[in-house]
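So the structure is just underneath, and the comments pick up after that.
The values are calculated or read from the model by the stated rules, or taken from the named source; none is laboratory data. Please read all numbers here as calculations on a predicted model, not as lab measurements. We place every Cβ from the backbone using ideal geometry, glycine too, and count neighbours over all the protein chains shown. Heavy atoms of the whole protein, side chains included, go into the accessibility calculation; ligands, DNA and RNA do not. Shrake-Rupley method; radii C 1.70, N 1.55, O 1.52, S 1.80 Å.
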Amino acid sequence: MSQALDEIKIGGLGASRKRVEDDRFIRGRGNYTDDITLPGMLHMEILRSPLAHARIKSIDASKAWEIPGVHLVLTGEMMATRNLAWMPTLSYDTQAVLATDKVRFQGQEVACVVADDPYIAKDACEAIDVEYEPLPVIVNPAQAVAEGAPVIRDDKENQPDNVIYDWEVGDKAGTDRAFEQADVVSKLKLHYPRSHPSPIECCGSIADFNRATSKLTVYMTTQAPHIIRAAVALVAELPEHMIRIVSPDIGGGFGNKVPVYPGYVCSILASILLERPVKWIEDKSGNLISTGFARDIYLDGEMALRRDGKILGVRMHADADHGAFFSDAQPSKFKIGLLHSTFACYDLPAAHLTARGTYSNKAPGGVAYRCSFRVTEAMFFQERMIAAAAADLGMDPAEFRRMNFVKDEQFPHRTPFGFLLDSGQYGKCLDVGLKAVGYEDFRREQAAARKRGKLLGLGISTMTEPLGAGNSREYDILGIKMFDSAELKIHMTGKAILRTGAKTQGQGHETTWAQIVAHELGLPAEDVVVEEGDTDTAPFGMGTYASRSTPVAGAAVSMVARKIRAKARKLAAHLLEVSEEDVEWELGRFYVRSAPDRGVTIQECAMAAYSNMPDGMEPGLENTAFYDPPNLTWPFAVYLVTVEVDPQTGVWDVLNIVAVDDCGVRINPMIVEGQIMGGLTEAYAMANMQFITFDAEGNCVGSNYMDYLLPTAWETPGFELHSEVVTPSPHHPIGAKGVGECAAVGGPAAFVNAVLDAISDTGVRNIDMPLLPDRVWEAITSRKDVSGAPPVRTDDSPGGSGGVVPPQASTSPGGSGGVVPPQASTGDLASGSGV
Ligand code: CDP
């Protein structure tokens, strides 16, 4: 009879184990960067530019130096003497550490002061006198490519304009043919506005250079400690083994804590110069105004359709505003991230995407805010285009999706952009969602309500996200291949320590990685302690972003546990005095095949590894595994949202949210649900209230939480989550797919589609996010599309200096697209920017 352990009881796969990290968080015993105090520590503050684009004529720091308690004032000129005024970015660009020639965005770092306390440092920053000569400002891609536009990056050789890249992917000729054969062409122009990941904890670092040992230790808020170590080694030209990066507890990252920020570099240099620990903790406005923004993409999209609803082809052009430096991390082969994962869940014969990235006088943007490198934009554009096409064809949007889905028997499925989808049951997820939301009943209710002047709407969004970048054939950042690793040490009493190269920021790795070990070895999860974030102890990893932890580091945890199990089997054979071939495994125990009662536990094997190993066997029970994923994992989800729109005010209320997520095998169902709820909350925020925009002078509007709104528990609607569809990933060791970002990726379009469905009688095809009441009201009353392009002063407006029309400002009735005969569909998509 089997004596296998009950996996749920020991906290293995599928157990909704409570998060072990929460014990310290809810007791106020977390250890965040700002909690760390080192002997002799000094404090650093940053002086930021008030202007978005200006030449620096002079910097006079003499008054700052005179303030008692000031130890150091760093300027770009001083950084330049050490070759540190500029640093390389993670996308093969350069970024100013402290400005020397020009400032290129409002909030750019101009100088730093190190003092006894942060207040003295702040006062001293204000005593620095900087003389600026203002320059014309660019705040969107249309202005960036307009004739005569000022060149923002005149520091770079071979940079005659503001274009960072022109990139294309897909089959242009095949797509052109699809459009020639189309019965109907559906067009849409969209803007995904700038938003900010806005983690509760801002960025910060404490650099501690010890001259006696030549060792530099940096405690900092990074999602990717090993990458930072490599960057510091290259930028500061310090030997890598003398650099220790420690990411302690992190209060949310969401992509904001991937880039290398000037504050990190300056605190390091200050510590080297002063030979004392130097702490820099960014304040909220510094975080909102200067660190990694997300999105800010304009889309011009077209779909070639057969009248019966079959999609024949898709053509897209994206204009991405990257701000002053191209500093977000991308796999180096893919200039606009994984935007070309768009339409992956639909069976398209042909597709073609062109993308242009441009500089502007805005803080560096384009970080993957809770998404796998631009997948949020990809799925938003996809699902908005799908909704518009279904409306153009007069088809039911659910039926239109079902008809075009990749079918279960088509996996593995190659998309027209070259991705290989691993597995999925898209139709089944849709069915579950439609049933849960009561689709048919809602449509009847909607029609009846409309007669009474009540506007109800239902929005559908699907998403499939390429998670687990990546395989080393295709994915690298700065040439470093995107694999991960895990190290497992089983102590003699069967207790264990697991370390990975990932870095949790609230996702619960300390809980779930132990569950994978429990699943593989039968050790109770509570006997496994998980550590991440210290480059001196953790094995190499590319860090945690793009929901890559479960697909890559999580897989490495399985693989290292299996290596341990293989050695434990040899130890078991030795203890049981049989040959290894006669030993069978069940959870937690090896036994003799012919005598199942004769067995040894995994803990007994662990003790034997230190006390009774066979002759010739290397002692101990420890190992490391490096995992290079064969492919990405492709979770799928359907989100359905119902709303009621008030026609008098444009205010919309969410009635119901149904989420059907298929992320393969769920390690911890409770944590997965938490991830989905968090993602849906952020999706709601993006659709409803959240955006950062800039005025014509490049002033960042929304650099505080009075303007940049985060939904609290009060505003956040409730969610109905469904987990009945489970399609394991065929190539992941435990069949798990990533999930952390899915709802933030797929959610926004469901909200927007719902509001547009409610007002479909007006003929309005698009309102750009966020769907603020005034925008919705304007759409209802004017019966015109509403563009969300940033406001730009024109010659007509008071004090106007511009004259450049913002992208999409030319949008007129139906201006965001509409049904056009196929012969009219060959226009230059890039020219839709209205310049
Ligand atoms: O990379 P990141 O940790 O942000 O995202 P993830 O890999 O999707 O994992 C988020 C959290 O959900 C982790 O604690 C995972 O272990 C957990 N998870 C799970 O329990 N089951 C899955 N199939 C996927 C993730």
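Out of curiosity, is V651 in contact (Cβ under 8 Å) with a residue 40 or more places away in the chain and either within 10 Å of the ligand (Cβ to nearest atom) or under 19 Å from V432 (Cβ atoms) (or both)?
No; evaluated as a whole, the condition is false for this residue.
Could you list, in sequence order, the residues of the range 596-613 that are open to solvent by 30 Å² or more (accessible area, probe 1.4 Å) and either hydrophobic (A, V, I, L, M, F, W, C) or at pLDDT below 95 (or both)?
Selection gives M607, M613.
Looking at A389, is it outside any loop (DSSP other than H, G, I, E, B) and crowded, with 18+ Cβ neighbours inside 10 Å?
Considered against the rule, which asks whether it is outside any loop (DSSP other than H, G, I, E, B) and crowded, with 18+ Cβ neighbours inside 10 Å, A389 comes out as yes.
Of everything in the range 473-490 that's open to solvent by 40 Å² or more (accessible area, probe 1.4 Å), under 23 Å from the mean Cα position of the chain (by Cα) and of a type outside the set (D, E), which residue is nearest to the ligand (Cβ to nearest atom)?
Ranking the candidates gives F483 first.
Would you mind stating whether R783 is in contact with a Ser or Thr (Cβ under 7 Å, 6 or more places away or on another chain) and either at pLDDT 95 or above or within 28 Å of F636 (Cα to Cα) (or both)?
yes
Out of the range 710-738, which residues are under 27 Å from N631 (Cα atoms) and either modelled with pLDDT under 90 or open to solvent by 20 Å² or more (accessible area, probe 1.4 Å) (or both)?
Those that are under 27 Å from N631 (Cα atoms) and either modelled with pLDDT under 90 or open to solvent by 20 Å² or more (accessible area, probe 1.4 Å) (or both): H722, S723, E724, V726, P728, P730, H731, P733.
Give the residue that is nearest to the ligand (Cβ to nearest atom), with candidates limited to residues of the range 491-503 that are outside any loop (DSSP other than H, G, I, E, B) and open to solvent by less than 10 Å² (accessible area, probe 1.4 Å).
Among residues in the range 491-503 that are outside any loop (DSSP other than H, G, I, E, B) and open to solvent by less than 10 Å² (accessible area, probe 1.4 Å), the one nearest to the ligand (Cβ to nearest atom) is T500.
Do you know which residues across the range 552-587 are away from the ligand (no atom under 16 Å from the Cβ) and under 37 Å from the mean Cα position of the chain (by Cα)?
R562, K563, I564, R565, A566, L587
Scan the range 171-212 for residues that are open to solvent by 40 Å² or more (accessible area, probe 1.4 Å), touching a residue at least 60 places away in the same chain (Cβ under 8 Å) and under 27 Å from the mean Cα position of the chain (by Cα) and report the count.
1
Working only within the range 1-19, note down all residues that are open to solvent by less than 50 Å² (accessible area, probe 1.4 Å), small (G, A, S) and over 11 Å from H519 (Cα atoms).
A4
Would you point out the residue of the range 656-709, among those that are more than 16 Å from the ligand (Cβ to nearest atom), among the acidic types (D, E) and closer than 20 Å to P770 by Cβ, that is surrounded by the most Cβ atoms within 10 Å (Cβ to Cβ)?
By that ranking, first place goes to D695.
How many residues are of a type in the set (K, R) and either at positive phi or buried (at least 23 other Cβ atoms within 10 Å of the Cβ) (or both) when one looks only at the range 262-302?
Of the residues in that region, 2 qualify.
For the range 144-166, name all the residues that are surrounded by 18 or more Cβ atoms within 10 Å (Cβ to Cβ) and either under 30 Å from F343 (Cβ atoms) or among the acidic types (D, E) (or both).
A144, V145, N162, I164, listed by residue number.
If I go through the range 307-338 residue by residue, how many of them are more than 18 Å from E383 (Cα to Cα) and touching a strand residue (DSSP E or B) at 6+ places or on another chain (Cβ under 7 Å)?
The total comes to 14.
Looking at D534, D597 in this structure, which one is more than 16 Å from the ligand (Cβ to nearest atom) and under 26 Å from the mean Cα position of the chain (by Cα)?
One residue alone meets the criteria, D534.
Step by step: first the residues of the range 301-359, then only those that are in a strand (DSSP E or B) and β-branched (V, I, T), then the one that is nearest to A96 (Cα to Cα). Which residue is that?
Taking the candidates together, the pick is T358.
Regarding the range 335-343, can at least one residue be identified that is modelled with pLDDT of 95 or more and over 17 Å from the mean Cα position of the chain (by Cα)?
Taking every residue of the range 335-343 in turn, at least one turns out to be modelled with pLDDT of 95 or more and over 17 Å from the mean Cα position of the chain (by Cα).
Looking at the structure I just gave you, is S485 part of a strand (DSSP E or B) and more than 30 Å from M385 (Cα to Cα)?
Spelling it out, S485 is indeed part of a strand (DSSP E or B) and more than 30 Å from M385 (Cα to Cα).
Need pairs with beta-carbon distance below 6 Å; first residue under 17 Å from N688 (Cα atoms) and within the range 769-783, second open to solvent by 50 Å² or more (accessible area, probe 1.4 Å); sequence gap 6+ or separate chains.
Final answer for the pair search is P773/T649; P773/V651.
Residues to consider are T89, T100, T81, T94; find the one that is within 30 Å of N140 (Cα to Cα), without any contact (Cβ under 8 Å) to a residue 60 or more places away in the chain and of a type outside the set (D, E).
T100
Test of understanding: among L47, L51, L38, which residue is more than 26 Å from the chain's Cα centre (by Cα), farther than 18 Å from R276 by Cα, touching a residue at least 40 places away in the same chain (Cβ under 8 Å) and open to solvent by less than 40 Å² (accessible area, probe 1.4 Å)?
Going through L47, L51, L38 in turn, the sole match is L47.
Is there any pair linking a residue in the range 721-741 that is under 16 Å from T462 (Cα atoms) to one that is open to solvent by 50 Å² or more (accessible area, probe 1.4 Å) and more than 9 Å from the ligand (Cβ to nearest atom), with Cβ under 7 Å and at least six apart or on different chains, and which?
Pairs found: L721/E673; V725/K428.
I'm trying to understand the selection: among the residues of the range 509-522, which are more than 16 Å from the ligand (Cβ to nearest atom) and open to solvent by 40 Å² or more (accessible area, probe 1.4 Å)?
None - no residue of the range 509-522 is more than 16 Å from the ligand (Cβ to nearest atom) and open to solvent by 40 Å² or more (accessible area, probe 1.4 Å), so the list stays empty.
Taking the condition more than 16 Å from the ligand (Cβ to nearest atom) and either open to solvent by 10 Å² or more (accessible area, probe 1.4 Å) or at pLDDT below 95 (or both), does G506 pass?
When the stated conditions are applied, G506 does not pass them.
Being touching a Pro at 6+ places or on another chain (Cβ under 7 Å) and within 16 Å of the ligand (Cβ to nearest atom) is the requirement here; does S549 meet it?
no
Restricting to the range 686-736, give me the number of residues that are β-branched (V, I, T) and touching a Leu at 6+ places or on another chain (Cβ under 8 Å).
2
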